[in-house]
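Everything on this sheet refers to the single structure shown next.
The values are calculated or read from the model by the stated rules, or taken from the named source; none is laboratory data. Here the structure is a predicted model, which means the values were calculated and not measured. Here Cβ is always computed from backbone atoms with ideal geometry, including for glycine, and neighbour counts include all displayed protein chains.
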Amino acid sequence: MSVAIRLTRVGATKRPAYRVIAIDKRRARDGRALEILGYYDPLTEPATVQLETDKIRAWIGKGAQPSETVVKLMAQAERAAAAGPSTEKPKRATRPSKPKASSKAAAKGAAKAEPPAAEAPAAEAPAAETSDAAATEATEPSTEETGAQAAAEDTAEAGDAEKADA
């Protein structure tokens, strides 16, 4: 039986974590392991690597072949051990609390923040003229409403034309 020392994936969707295992080479990636030798969590800052190097060396002594990734992780774990234990516990990376606003939303917010140039002269006009202008603006439909009404009328006319054809 040929044995490999490789990673197996554990964890939720889009939240990977890995175990370092000794496994028969012919088994699937997430198949039954002979022995669990450590774990690796790439989502923490810095990445968490916990390996039982004495067990890994024992398996290598018996003929197990480590994958390239396991060799890199072993080197990383040895460097971390040589540097000394860290006092801080690694923190799991999280999403930012507020999603970024789209460019359309940013432009809309900027437009609302700045007063339009047409309203600035109206503020300087006498109060009687301002009230008359406000009354005419309130009675006239906006261009958005007019466009929506025109679209609704076009749809109704198209429906009438289809009925007439039938």
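A few remarks follow.
- Tallying residues that are outside any helix (DSSP H, G or I), in contact (Cβ under 8 Å) with a residue 40 or more places away in the chain and more than 15 Å from Thr8 (Cβ to Cβ) within region 20-61 yields 6.
- Close pairs (8 angstrom Cβ cut-off, 6 or more residues apart or separate chains): in the same structural domain as Ile23 (by TED's automatic domain parsing) and under 13 Å from Pro42 (Cα atoms) in region 62-81, surrounded by 13 or more Cβ atoms within 10 Å (Cβ to Cβ) and of a type in the set (Lys, Arg) anywhere: Thr69/Arg6
- Within region 70-93, the residues that satisfy the criterion of being at pLDDT below 85 and in a helix (DSSP H, G or I) are Ala80, Ala81, Ala83.
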